[in-house]
Amino acid sequence: MSEDRVREIEYAYHVRVFGEEWARINFLPLDERMREVARIADFARSQTAPKEPGS
Amino acid sequence: MACAITSGMACVALGVAQTTSDCDILCQPEGLPGLLEVLEETSFRGVPPSYRGSLSAPLDAPWLRGGWTSHIVWPSKEDSAYLFVFGVPPHASPGWELEVRGSYAGVNTVAEMKRTDRPKDWPYATALGVQMLKAKDERGWLSIFDDEMLTLLPEEFPLSEKVVSQRPVLALAQRQDARLRPAILAEVQFWQELDRLRLQIFQKAARPYAAAVRASVEPRSLRSQHALRRDLASAHLPQRPMEDYGIAAYLREARARLEQFVRPELLEWLPQVEKYFTMESI
C-alpha cells in the first residue's frame, strides 16, 4: 500500500461527495476539525437554519 | 456497562465531519437505569429534559433490547438539544460494545448504522470503510459503496476470499467488471428497502402506544414521564416487533420489493445480510 496514493484517492473521494470545504475539514487534526464544525454550526444557526433533529 | 456516541457526532470524531442537531447514543440495556439518572440531573440552558414525541419508547431494557429507540429533548427557545438512545444498533453486527473507543462507538458500528434508507448517509459509510482499510480492518470492504473507490482500492489493499464470500459484488471489483456499478446500486437499494420496511414495521407496531401517549397528560419531570410511558408501553407497545413479524418474512418481503424494480441478473450479487438481523442485533 502506498500511503500517498491512498490519501490521494481518499481526498478526491471526499471532494467529490462532500465538497471541497468538508474535505479540507475532514483531513484536519481532531481538535481543529471540531472547531471548524462548531464554527459552521454556529453560522448556520445565526442564519436561522432548521432546528429539528435529523436535518 | 457500555454507552457510546454514534452516528453524526461519531463521524466528526472519526474524520468524516458533518453538522447534526441531534446526538445518537448506544447504551447497553442494563445501563439504562443509570442513564436515566444522569439525564434527570442534566439541564441544557437551564431547561430540564423531557421525552420527545409520541413514538418515543420508554428508556427501558425490554423495549430497547427489541429495537425501539428513546427520544429525549431539552426544549429551548434559542436552541433545543436532542438525544436519541439505541439499545441495539439497527442493521449492524452484534458485539458493538466490544469495539467502543473512548466516548465513541467503533468505526465499523458507525459505518454499518449508516446503511439507512436515506441516500445522504451512504457516502459516510464509504468514507468510514476506507478508514477501516487504512487501519488494516478488512471489514472496511463491506462498507464501501462507491464503484470508483471499489475499482481503485483493490490495487492498494488486500481483498481476501473470506470478504468476497460475504459480499459477492467485491468479485466484480476484483476483475474490474462493467457490472460493478449497477450491482452496487442494486445492493444499496436492497439495504434501503430493508431499512424502509424495518421502520414501517416499527411505526405500525407503535400506533396504539402513540395514540395512548397523545391522549395522556405528560407529567413535568422526566422520571414521572418515564413511569407513565412504561405503563403505557406495557399495555400497548410490543417489545419485539421484528420478532413478531418474523426475520425470514422480513428479509423475503424486502427482497420482493427490490425485485419489482431491479434487473433480475443483478440479484445474484446481493450480500448475505442475515447476520445483521438476528434477535441480538435488531
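What follows is calculated from the coordinates using simple rules that are stated; it is not laboratory data. Note that the structure is predicted; figures quoted are calculated from it, not measured. All Cβ positions, even for glycine, are placed from backbone atoms using ideal geometry, and neighbour counts span all protein chains on display.
Descriptive notes on the structure:
- Length-normalised contact order for chain B - Cα pairs under 8 Å, 6+ apart - percent: 20 percent
- With the convex hull drawn over the C-alpha atoms of region B:3-58, the volume per residue is 111 Å³.
- Of the GluC sites (Glu not before Pro) found in region B:10-113, those in coil by DSSP whose Cβ has at most 15 other Cβ atoms within 10 Å are B:Glu41, B:Glu78.
- Positive-end extreme of charge dipole, the protein assembly as shown - chosen from B:Ala235, B:Gly87, B:Thr20 (charges on Cβ): B:Ala235
- Close lysine pairs were tallied over chain B: pairs 8 or more places apart or on different chains with Cα atoms under 28 Å apart number 15.
- Residues in region B:177-195 that a label on A:Arg16 would reach, taking backbone N under 13 Å of a point 7 Å out along Cα→Cβ: B:181
- For B:Asp22, nonlocal amide neighbours, meaning residues 5 or more places apart or on other chains whose placed amide H falls under 5 Å from its own, are A:Gly54.
- Translational diffusion of region B:124-282, estimated by Stokes-Einstein from the Kirkwood radius over alpha carbon pairs at 4 °C in a medium of 1.567 mPa s, is 71 µm² per second.
- Altogether, the Stokes-Einstein calculation at 4 °C and 1.567 mPa s, with the Kirkwood radius of chain B over Cα pairs as Rh, returns a diffusion coefficient of 65 µm²/s.
- Rg over Rh for the protein assembly as shown works out to 0.98, both radii taken from alpha-carbon positions and Rh defined as the Kirkwood radius.
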